[in-house]
Amino acid sequence: MKYLKNALIIVGILCVCALSINAVQEAPETNNIENTNPGKTAGIQNDKSVAENYTIKALPVPKNIDFAGETVPLEDPDVYERLDRELLVNTYWQSNALLLMKRAHKYFPVIEPILKEEGVPNDLKYIAVIESGLTQAVSPARAIGFWQIMSGTGKDYGLEINDNVDERYHIEKSTRVAAEYLKKAKENLGTWTLAAAAYNAGNRGISRQMERQKVSDYYDLLLGEETGRYVFRILALKEIMSDPEKYGFQFEDNDLYNHIPTRKVEVDTVVGDFADFAKQFGINYKILKIHNPWLREAHLNNASRRMYEIDIPEEGNYPVIN
């Protein structure tokens, strides 16, 4: 009986092995059947359709480009490659680039006249684009607003910065501070290109590298990753946003965000509750704060009875608040 049991076990093992070998041998035939499956073929055709409808192309680098009237030396292969990199990165990050164009249509009409009035070239507006994406951003280092101004710098240039009021969030006033900073940097360093780099690395940071490397041009400097890319990011976004169709962006004017006109209301008293204040002008607290992000609390202390100008949107731009 013991021998019979062992014999049956051996026969069973042999049968399992034979079945396994047969399955392996049949696998190619099974795969052949799958390859002729209509659903499988359709999947391959769909993949080809995706490739035909969405292609990732190398981008033509402009033959000539300038920043604030200053020539970019594209004959230098390093300069060429660095501009090419930023064109690729910013073109193929389509959602971000399109948002920047939408916001630019809303905020450039505010920024451009101030830069012109301050004697700063129009190209410098793209610093605000790369610094904050034209949003009231707050960096980990607590640089704030469209122009990413640090607290000490803002106070040095006359901005009011406290828990109640922070004028770094004030688009017009912060643009004037940025313009003043850039004019001084241009005076110290000699070109608008170096002034733009100094907006990122500081006047002393750029001048120290110029002295150490014995060069006088931004494009001849070896800088850290962030400052080394800084001007090239500006150049790329200037190129893309100035001619979006060339880079594949298609939209109508009504797809863009619009600047909402406002009127200024003077206030030289304490405001106990901005929600109540807003209702006087047919708007709510949210709308008031959207247009006056520099008002940081729900009230205005104004112990010194300073005169503030609060922006109130013109009627017809928002639903009527009852």
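Throughout, read-outs are computed from the coordinates displayed, never taken from laboratory work. Being a predicted model, the structure only gives us computed values, none of them experimental. With ideal geometry, Cβ positions are generated from the backbone for all residues, glycine too; neighbour counts draw on all protein chains shown.
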Cα-based equivalent ellipsoid of region 66-255: semi-axis lengths in Å, sorted from largest, via gyration tensor: 25, 24, 14
Taking 211, 225, 112 and counting other C-beta atoms within 10 Å, the order from fewest to most: 225, 211, 112
Residue exposure sequence - 242, 95, 132 - by fewest surrounding Cβ within 10 Å: 95, 242, 132
Amide N of region 221-258 lying under 20 Å from the label point, which is placed 7 angstrom from the Cα of residue 318 along Cα→Cβ: 257-258
Stretch gain in nm, segment residue 78-residue 243, where the contour uses 0.36 nm per residue and the Cα spacing is subtracted: 57.0 nm
Residues 309, 266 arranged by fewest to most Cβ contacts within 10 Å: 266, 309
Point-to-point label distance, residue 214-residue 61, nm (Cα→Cβ direction, 7 Å offset): 2.7 nm
Cα Rg over Rh - region 273-322, Kirkwood: 0.97
Region 149-218 and region 67-138: distance between their alpha carbon centers, rounded to Å: 17 Å
Net charge over other residues, Cβ less than 13 angstrom from the Cβ of residue 110 (K, R count +1; D, E count -1): +2
Summed residue charge, Cβ within 10 Å of residue 194's Cβ, Lys/Arg positive, Asp/Glu negative: -1
Theoretical gain in end-to-end length, residue 296 to residue 85 [0.36 nm per residue, Cα-Cα removed]: 72.0 nm
Computed E for residue 266/residue 187 - FRET, C-beta separation, R0 30 angstrom, nearest 0.05: 0.30
